[in-house]
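Asker: Before I ask anything, let me first share the structure, which is written out below as structure tokens.
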Amino acid sequence: MVEVGIIGVGVMGAGHARYLTRSVPAARVAGIYDLDRARAEEVAAEVGATVADDPDQLIAGGSLDGVLIASPDATHSGLALACLRAGLPALVEKPLATNPDEARRVVEVEGESRLISVGFMRRFDPQHRALRQAAADGSIGRPLLFRSIHRNPAPPPDLTPRLIVTGSAIHDLDMARWLVGDFEAVRASGRSSGSDGKVDLLLIEGHHAGGALSTIEVFVAAGYGYEVTAELVGTGGVTTTLAGDLTVTRQEGAARTPFPQIWLERFEKAYIAELTAWVRSISGGEPFPGASAADGYADQVVAEAVMEAVATGRRVPVVSLA
């Protein structure tokens, strides 16, 4: 039984705690820390875990086999470094850090240990894996274009273009890298759908090594629900994801489809597969097949270029990751 500690049990961390408890038989949530102790105690009672007084106590306590980091973004790199100092494997929710320098520091300290994994769960989503397979087996020819649509029902109150990029679009940037290769340059622009003038829609154009393109729409105020769809266009065909697990009701002259309101519903299978693979990697069964710390760093470099492109309106080169 792999003993897991979780730092941060908001929506994401609490979801992970439940998935580990209900759907990953080889794992047990042993310890939890959250700045909101009442919330930590509530989730701990649900999954049979103890509550730590601080994250350092949880990491350095000596009783855990791995740590899942789902705390606020600004804490991710520091907690990852603490796990490295303790020799503990960690699955860090995206982003790995809030800037490329912090992310690179994690990669440098990690060295060859491969203790740090990053939670880009779409790599475990059956539909996105089908796109990966189509790219790998040549069934649609040479990939020319990756297209992604990513919509949320409502934005957070502290919305900024940076939050859209690091909180949402970074998933799509990771998918573009995974499917059509490293970015060489990006263009991006933003628009506001409301009267407050806040940017809530980004359109990103990627230019990739090898000549492929990517287009990414991220709209965080779509209203109707949470939707992620993607398409891979090749020289010999096209593979398109469909909205996951949806039904259609035909009634009174109209067809209606209910959409999930949160990402946990859309990607439940992916999260469970990701956690199962991570737990297996800790127990020695096989290497973790998901995103590494190096991937987290690479995605953060692209995210910084996107933010510069939004601010300047220019085509921005993506710097070498060497």
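Asker: Just wondering, is there one or more residues in region 46-56 that are in a helix (DSSP H, G or I), aliphatic (A, V, I, L, M), at negative phi and open to solvent by less than 80 Å² (accessible area, probe 1.4 Å)?
Answerer: Yes.
Asker: Still on this structure, I have one more. If we scan region 90-106, do we find a residue that is open to solvent by 20 Å² or more (accessible area, probe 1.4 Å) and either aliphatic (A, V, I, L, M) or over 21 Å from residue 165 (Cβ atoms) (or both)?
Answerer: No - not one qualifying residue is present in region 90-106.
Asker: May I ask you to verify whether residue 161 is touching a strand residue (DSSP E or B) at 6+ places or on another chain (Cβ under 7 Å) and either open to solvent by less than 50 Å² (accessible area, probe 1.4 Å) or farther than 23 Å from residue 239 by Cβ (or both)?
Answerer: Taking the combined requirement at face value, the residue satisfies it.
Asker: Next up: Looking at residue 62, is it open to solvent by 60 Å² or more (accessible area, probe 1.4 Å), more than 30 Å from residue 307 (Cβ to Cβ) and either small (Gly, Ala, Ser) or touching a residue at least 60 places away in the same chain (Cβ under 8 Å) (or both)?
Answerer: Against the criterion (open to solvent by 60 Å² or more (accessible area, probe 1.4 Å), more than 30 Å from residue 307 (Cβ to Cβ) and either small (Gly, Ala, Ser) or touching a residue at least 60 places away in the same chain (Cβ under 8 Å) (or both)), residue 62 qualifies.
Asker: Being under 27 Å from residue 164 (Cα atoms), in a helix (DSSP H, G or I), open to solvent by less than 10 Å² (accessible area, probe 1.4 Å) and not charged (D, E, K, R) is the filter here; which residues of region 279-300 pass it?
Answerer: Within region 279-300, 293, 296, 298, 300 meet the criteria.
Asker: Give the residue, chosen from 44, 40, that is touching an Asp or Glu at 6+ places or on another chain (Cβ under 6 Å) and free of Cβ contacts under 8 Å to residues at least 40 places away in the same chain.
Answerer: It is 40.
Asker: Exactly one condition in (1) within 23 Å of residue 300 (Cβ to Cβ); (2) open to solvent by less than 10 Å² (accessible area, probe 1.4 Å) is not met by residue 9; state its number.
Answerer: Every listed condition holds for residue 9 apart from (1).
Asker: Given 68, 88, which one is modelled with pLDDT of 95 or more, in contact with a strand residue (DSSP E or B) (Cβ under 8 Å, 6 or more places away or on another chain), in a loop (DSSP other than H, G, I, E, B) and not β-branched (Val, Ile, Thr)?
Answerer: 88
The values are calculated or read from the model by the stated rules, or taken from the named source; none is laboratory data. Remember, it's a predicted structure, so these values are computed and weren't measured experimentally. All Cβ positions, glycine included, derive from the backbone under ideal geometry; neighbour counts span all protein chains shown. Ligands, DNA and RNA are stripped out before the accessible areas are found, and what is left, the full protein with its side chains, is counted by its heavy atoms. Shrake-Rupley method; radii C 1.70, N 1.55, O 1.52, S 1.80 Å.
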